[in-house]
């Protein structure tokens, strides 16, 4: 089942290129393809650090966007490696959009999401993809995914994790 990011981003990407008269697979002139071997290696190293840390109980704040929209900041709590709560962070609502269904995920699920994203991005022309991880325990910090099609203004979505707190 596609995520809310995929559902929102793909129709926009298709319409933007067609509406602007660009070839569907023509990249922007400044486009540099991601090094997918490095992305896969970084993912494997971060996942190994995460698994080595053995953290099963934690909480984190999750900010998600699909240009130009941004969703409310969510606080996700995980106990025994299972999501127990997903709450909007009061006073931090940046949009009237509800939280996407796939907001509440464990770090293992975030790693899986990154892995699927890398695989999908490799198959797409003009793909953009980056991921960042915590240097100590390896948990994901940021994912950016999109496209650099010529004539496309906003072809990027992603998320950021902050306030990670083991307990």
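Read the figures in this text as sums done on the coordinates, not as results from a lab. Since this is a predicted model, take the numbers as computed values, not measurements.
Can you tell me, using C-alpha contacts under 8 Å and at least 6 residues apart, the relative contact order of segment 100-167 as a whole percent?
Dividing the mean separation by the residue count of segment 100-167 yields 23 percent.
Distance between Cα centroids, segment 54-78 to segment 123-167: provide it in whole Å.
Between the Cα centre of segment 54-78 and that of segment 123-167, the gap is 13 Å.
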